[in-house]
Amino acid sequence: MEKKKILIVDDDPGILTMLKLMLRLEGYEAVVCDEAVDVLDRISRDKPDLVFLDAKMPRLDGIEVLNLIKSKNLPKKPPVILLTGNVDETYTQQAVKAGASTVLIKPFTKEDLLEKLQTLLGKS
């Protein structure tokens with residue numbers, strides 16, 4: 001069975017490394033991107049099955065990236081899990097309206113992350 005590919009978008013090298021390792025240990029193929037402005041190119045090139053997207057990054061924030069993804073005519077738009085420290089319900093609603101499949105509040109547990117991942121992709 002082919003591994004599901006996950007694109008991790010975050011400007012924090014520590015988060016990228018931690019998520020990449022955790023996902024690989026769980027049997028996923030993990031690819032990383034540290035620039036929000038590169039997300040559309042990476043989705044087109046890597047064709048991920050799902051995207052983890054950090055909400056706060058330089059140049060473009062998570063909601064701006066979600067709006068970009070939504071506005072483009074991509075052949076395949078993967079589900080997006082927005083990672084944020086913002087616990088405001090209004091922000092969560094804005095993120096979902098912009099195209100996030102779900103929002104994961106930081107700090108999160110490995111179990112919470114895997115549960116959301118498996119809900120969107122099914123068991124791997």
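Each reported figure results from applying straightforward, stated rules to the coordinates on display, with no laboratory input. None of the values given here were measured: they were computed from a predicted structure. Cβ placement follows ideal geometry from the backbone for every residue including glycine, while neighbour counts extend to all protein chains displayed.
Dipole size of region 5-119 about its Cα centre, with +1 on Lys/Arg Cβ and -1 on Asp/Glu Cβ: approximately 440 debye, rounded to the nearest 20.
Between residue 106 and 84, 85, 86, the built amide H atoms are under 5 Å apart, and every one of these is 5 or more places off in sequence or on another chain. For region 60-75, 3J(HN,Hα) computed residue by residue from phi via the Karplus equation (6.51, -1.76, 1.60; θ = phi - 60°) reads 10, 8, x, 5, 4, 5, 4, 5, 4, 4, 5, 7, 8, 8, 7, x Hz, glycine and proline entered as x. Pairs with C-alpha atoms separated by more than 19 Å, drawn from the list 5/47; 3/116; 5/56, are 5/56. Which shape class applies to region 1-64: rounded if a/c is under 1.5, otherwise prolate when a/b exceeds b/c and oblate if not, where a ≥ b ≥ c are the square roots of the Cα gyration tensor eigenvalues? Since a/c reaches 1.5 but b/c is at least a/b, the shape of region 1-64 is classed as oblate.
Taking each residue as 0.36 nm, the span from residue 26 to residue 91 lengthens on full extension beyond its C-alpha to C-alpha distance by 20.4 nm. Over all distinct Cα-Cα pairs of region 5-119, the Kirkwood formula returns a hydrodynamic radius of 13.9 Å. A straight chain from residue 3 to residue 114 at 0.36 nm per residue would run longer than the Cα-Cα distance by 38.5 nm. In the Gaussian network model of the chain, springs joining C-alpha atoms below 10 Å, which of 56, 20, 72 carries the largest mean-square fluctuation? In the Gaussian network model the winner is 72.
Under 10 Å, Cα contacts only: if you run a Gaussian network model on the chain, which one of 64, 26, 35 comes out with the highest mean-square fluctuation? Between 64, 26, 35, it is 26 that shows the largest mean-square fluctuation. Only helices enter the 222 nm calculation for the chain: every DSSP H run of n ≥ 4 contributes -39,500 (n - 2.57), and dividing by all residues gives -13000 deg cm²/dmol, rounded to 500.
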